[in-house]
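Worksheet: one structure, shown below.
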Amino acid sequence: MKTIFRFLSTGVLSAALLAVGAVAGYGQDVCADVDAQTAVYTKFTGIYLKKSVADMETALATGKEFLEKFGACESLAEQVKFVKPHVERIEKALPLAKKGAQLDPLFTRFDAGINTDNGDEIYSAGKAILAIDTDNINIMVPLGVAGLYQSYNNNPKYADDTIRYAKMAIAKLKAGTPAIKKNKAGADVYGALKYEFTKEHAIDEMSYAIANLTYYAKKDRAGALPLYYEIAQTSTRYKDDPRVYQTIG
């Protein structure tokens, strides 16, 4: 029995030594496999600066493959030093690129909706954008006024959405949400295309939209009158507008 046990132990030990040798040999073969190194490295350097999501995903996978397979090879220290920071950069940038790929067609629809006064597209695309980019003030502002202008054509269907987004945007503007663009005069502006305003103008437009739609579209005259009184006292744009006083009167 002891003889059998001794034989089995020796066999297990031999197998273990062979396994270690195989691993060591594999590592040595990888670092000596110039063709494999060149293929992966060349693929990475040919795509690592590309901007499309698909190319960035390929570059990231290829860069990681290079680092995993050849990162420990002393002969490739310079290549590893080059690849590693770019892998980190791509990994960080990829989520933003994916978000941009989702948003770009929606922005195109949103802009087209504004340019053609298509309320359905303005609100459909705008809501889809905000589902992804929840704090985009430049989308909220147009959504906070477009329904007012639609109502002038006897189309009050966007009243609730306009009031909701106007209140949301006004709160953000008063809380100090920074602008990311300026007009030709160098002033900070919010919104998009013909619905792009300075902060004060945006608040005036949306405050008037809330009051007007509450009064005329929602038929809530009692709720609208205090809003008109506030506009008459504080709005630079509408405090002298005869429509305000006609409604109050």
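Below is a table of values for the structure above.
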{"read-out": "Identity of the residue in the stretch 205-249, among the charged types (D, E, K, R) and in contact with a Phe, Trp or Tyr (Cβ under 7 Å, 6 or more places away or on another chain), that ends up farthest from residue 153 (Cα to Cα)", "value": "221"}
{"read-out": "Residue list for the stretch 84-127, restricted to those being surrounded by 15 or more Cβ atoms within 10 Å (Cβ to Cβ), within 17 Å of residue 193 (Cα to Cα) and either in contact (Cβ under 8 Å) with a residue 40 or more places away in the chain or of a type in the set (Val, Ile, Thr) (or both)", "value": "110, 111, 114, 122"}
{"read-out": "Any chance residue 156 is at pLDDT 95 or above, at negative phi and surrounded by 15 or more Cβ atoms within 10 Å (Cβ to Cβ)", "value": "yes"}
{"read-out": "Residue that is among the aromatic types (Phe, Trp, Tyr), free of Cβ contacts under 8 Å to residues at least 60 places away in the same chain, within 17 Å of residue 142 (Cα to Cα) and not in a helix (DSSP H, G or I), where the choices are 238, 190", "value": "190"}
{"read-out": "Residues (touching a Gly at 6+ places or on another chain (Cβ under 6 Å) and of a type in the set (A, V, I, L, M, F, W, C)) located in the stretch 205-249", "value": "206"}
{"read-out": "Residue match in the stretch 63-83 (condition: at pLDDT 95 or above, aromatic (Phe, Trp, Tyr), surrounded by fewer than 20 Cβ atoms within 10 Å (Cβ to Cβ) and more than 29 Å from residue 103 (Cα to Cα))", "value": "yes"}
{"read-out": "Residues (within 16 Å of residue 147 (Cα to Cα) and either part of a loop (DSSP other than H, G, I, E, B) or within 23 Å of the chain's Cα centre (by Cα) (or both)) located in the stretch 203-229", "value": "218, 219"}
{"read-out": "Residues (of a type in the set (Asp, Glu) and either farther than 20 Å from residue 162 by Cβ or in contact with a strand residue (DSSP E or B) (Cβ under 9 Å, 6 or more places away or on another chain) (or both)) located in the stretch 99-125", "value": "104, 111"}
{"read-out": "Residues being assigned to a loop (DSSP other than H, G, I, E, B) and either of a type in the set (Ser, Thr, Tyr) or in contact (Cβ under 8 Å) with a residue 40 or more places away in the chain (or both) - total across the stretch 157-178", "value": "2"}
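The rows are residues; the columns are (1) among the hydrophobic types (A, V, I, L, M, F, W, C); (2) out of contact with any Leu (no Cβ under 7 Å at 6 or more places or on another chain); (3) within 19 Å of residue 235 (Cβ to Cβ).
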{"site": "127", "(1), (2), (3)": "no, yes, no"}
{"site": "132", "(1), (2), (3)": "yes, no, no"}
{"site": "138", "(1), (2), (3)": "no, yes, no"}
{"site": "145", "(1), (2), (3)": "yes, yes, yes"}
{"site": "159", "(1), (2), (3)": "yes, no, no"}
{"site": "169", "(1), (2), (3)": "yes, yes, yes"}
{"site": "174", "(1), (2), (3)": "no, yes, yes"}
{"site": "177", "(1), (2), (3)": "no, yes, no"}
{"site": "185", "(1), (2), (3)": "yes, yes, no"}
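The values are calculated or read from the model by the stated rules, or taken from the named source; none is laboratory data. Computed from a predicted structure; not experimentally measured. Positions of Cβ are backbone-derived with ideal geometry, glycine not excepted, and every protein chain shown enters the neighbour counts.
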